[in-house]
Structures are given as structure tokens and as C-alpha cells.
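S.K.: Let me give you the structure first, and then I'll get to my questions.
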Amino acid sequence: MYSYRTLTPEERDEVVQLRRDRGYPLHSPPHLWREGGSFLITAATFEHAPVMKKPARLTEFEARLVETLEATKLEMVGWVVLPNHYHALVLVDRLEYVAAAAKQLHGFTSRLWNIEDGSRGRKVWFKYEDRRIRSERHHFAALNYIHYNPVKHKHVASPLDWPWSSAHVYLKDMGRGWLRDKWKKFPILEMGKGWDD
């Protein structure tokens, strides 16, 4: 997802030509689906800068993420917010609702944080990426991946040690046994390798 800047000029030309041939946007993730379904949404701050490293900002953004997505005709299934990106598993009638929510959320937080940080004009968010969920196994592997993400990025030793995640909602509503069962039945395996680093 973020490797374009590491490519040689020739490799960049190849990537751009391939995207042009496929009808994809040249410098942003393609959104191949229009109809509804379940999607794993990933959005990162520009150049993966840890713009949300302060706990208060993580708390504020988590609340705004959940509020914005739920107000935009979709169901939040799971989420995690980290200092430089977030993931959300959503169920939506049309993918365009995600685009509207992301535009609103990213626009508002960019302006607010740039004012707070004295960084007017700074680019805060990279465009979001979506992955269509294809099966029950994929659904629960994605949910497990979301909850495990703070461990993957070495912020904490256990998913339940990270407060900015839906793991706590599942723990409260479904219990530790349910979480453990889903983890064993639906391991994340290689999920996220190469696109969430």
C-alpha cells in the first residue's frame, strides 16, 4: 500500500501504466466494488506520520470514527485506531457511503489537528483502501486482525491492552471465551502482510 515511494523510476512508470491500463486511479487505491457488503477499511496518515500519538487524540478520533461511520448508513462490526492508521470492519448497503464518511472524517480531523499542531496546509490522511469480505472465515479473520493490530505494531503485548479498539466491546458483550474461540477457529495467518506496514 505504501511502497510506491521506494520504487525506482522505471518501476513507478510500470505501476502507473498498469493502473492506467486497468482504468484505476493513478495515485490512490482503486475502489473496485460499488454494491454493498462487508468491507475491511484501512486508512493511514500521510507518510505514516504518528499524528494520533497522544492518548487524548486517539480517544477523540475513535469516538468520531464510530460516530461518523454509524451515522452514514453502515454498521460498525469492529475497529482499531493506532497512532498512524485505523482499520474498520463495516457492513454497508453501498460502498459510496464509506467514501462519504471518510471524506467527512478525514476533512474534519485534518483541519482540527492542523490548527492544534500549528501545521496549516499539512496533508494528514492518505486515501482509504477497502477489501471486500468474501466469507465467514474472512470476516472473523479480519475482525481478529483488527483486534491484533496493536500487537502486530508492537504497541502492546495483548489486544486487550489497547484501549482504542472494539475488542473491549466484544469482551463485554460476548465474553473472553467467545474471543478465544474466534481466534482459534479463524487465525489471521498472513493477513496484512505487505499492506499494513
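The values are calculated or read from the model by the stated rules, or taken from the named source; none is laboratory data. A quick note: this is a predicted structure, and the numbers were derived from the prediction, not measured. Neighbour counts are summed over all protein chains in view; Cβ atoms, including those assigned to glycine, are modelled from backbone coordinates with ideal geometry.
S.K.: Among LEU105, LEU112, which is in contact (Cβ under 8 Å) with a residue 40 or more places away in the chain, within 17 Å of PRO83 (Cα to Cα) and not polar (S, T, N, Q)? Spell out the reasoning first.
M.R.: Numbers: LEU112 fails: in contact (Cβ under 8 Å) with a residue 40 or more places away in the chain.
On inspection, the qualifying residue turns out to be LEU105.
S.K.: Only one of these is in contact with an Asp or Glu (Cβ under 7 Å, 6 or more places away or on another chain) and modelled with pLDDT of 90 or more: MET52, MET76. Name it. Spell out the reasoning first.
M.R.: Values: MET52 fails: in contact with an Asp or Glu (Cβ under 7 Å, 6 or more places away or on another chain).
Just one listed residue meets the conditions, MET76.
S.K.: Can you list residue pairs whose Cβ atoms sit under 7 Å apart, with the first residue in the range 181-193 being closer than 18 Å to THR42 by Cα and the second being hydroxyl-bearing (Ser, Thr, Tyr) and at pLDDT 90 or above? Count only pairs 6 or more apart in sequence or on different chains.
M.R.: ILE188/TYR145; ILE188/TYR148; MET191/TYR145; GLY192/TYR145
S.K.: Next up: Based on this model, can you work out whether LYS73 counts as out of contact with any Ser or Thr (no Cβ under 9 Å at 6 or more places or on another chain), farther than 28 Å from TRP178 by Cβ and basic (Lys, Arg)? First the steps, then the outcome.
M.R.: Values: out of contact with any Ser or Thr (no Cβ under 9 Å at 6 or more places or on another chain): yes; farther than 28 Å from TRP178 by Cβ: no; basic (Lys, Arg): yes.
Criteria not met by LYS73.
S.K.: A further question on this structure: Which of the residues spanning the range 156-197 are closer than 23 Å to SER135 by Cβ, in a loop (DSSP other than H, G, I, E, B) and modelled with pLDDT of 95 or more?
M.R.: SER166
S.K.: Moving on. Select from the range 87-112 the residues that are within 21 Å of SER165 (Cβ to Cβ) and not polar (S, T, N, Q) and list them in ascending order. Talk me through it step by step, then tell me what you get.
M.R.: Applying the first criterion (within 21 Å of SER165 (Cβ to Cβ)) to the range 87-112 yields 87-92, 98, 101-102, 105-106, 109.
Passing the criteria: HIS87, ALA88, LEU89, VAL90, LEU91, VAL92, VAL98, ALA101, ALA102, LEU105, HIS106.
S.K.: Going through the range 46-95 one residue at a time, which ones are charged (D, E, K, R) and surrounded by 15 or more Cβ atoms within 10 Å (Cβ to Cβ)?
M.R.: Here is the first cut: in the range 46-95, the ones charged (D, E, K, R) are 47, 53-54, 57, 60, 62, 64, 67, 70, 73, 75, 93-94.
Of everything in the range 46-95, those that are charged (D, E, K, R) and surrounded by 15 or more Cβ atoms within 10 Å (Cβ to Cβ) turn out to be ARG57, GLU60, GLU62, ARG64, LYS73, ARG94.
S.K.: With a cut-off of at least 1 residues that are within 14 Å of the chain's Cα centre (by Cα), on the phi < 0 side of the Ramachandran plot and of a type in the set (Phe, Trp, Tyr), name the strands (runs of 3 or more DSSP E) lying wholly within the range 63-141.
M.R.: Once the strands (runs of 3 or more DSSP E) in the range 63-141 are filtered for at least 1 residues that are within 14 Å of the chain's Cα centre (by Cα), on the phi < 0 side of the Ramachandran plot and of a type in the set (Phe, Trp, Tyr), what remains is 74-81, 85-94.
S.K.: Please pick out the residue among ALA141, ALA102 that is more than 20 Å from ARG57 (Cβ to Cβ), crowded, with 19+ Cβ neighbours inside 10 Å, out of contact with any strand residue (DSSP E or B) (no Cβ under 6 Å at 6 or more places or on another chain) and of a type in the set (A, V, I, L, M).
M.R.: Numbers: ALA102 fails: more than 20 Å from ARG57 (Cβ to Cβ).
ALA141 is the lone residue from the list that is more than 20 Å from ARG57 (Cβ to Cβ), crowded, with 19+ Cβ neighbours inside 10 Å, out of contact with any strand residue (DSSP E or B) (no Cβ under 6 Å at 6 or more places or on another chain) and of a type in the set (A, V, I, L, M).
S.K.: While we're on this one: Which one of TYR86, TYR128 is closer than 13 Å to ALA43 by Cα and modelled with pLDDT of 95 or more? Full working, then the answer.
M.R.: Numbers: TYR128 fails: modelled with pLDDT of 95 or more.
It is TYR86.
S.K.: Taking the range 105-125, which residues are within 22 Å of GLU67 (Cβ to Cβ) and either crowded, with 19+ Cβ neighbours inside 10 Å or not charged (D, E, K, R) (or both)?
M.R.: Step one: filter the range 105-125 for residues within 22 Å of GLU67 (Cβ to Cβ), giving 105-116, 124-125.
If the condition is that a residue be within 22 Å of GLU67 (Cβ to Cβ) and either crowded, with 19+ Cβ neighbours inside 10 Å or not charged (D, E, K, R) (or both), then LEU105, HIS106, GLY107, PHE108, THR109, SER110, LEU112, TRP113, ASN114, ILE115, VAL124, TRP125 are the ones that fit.
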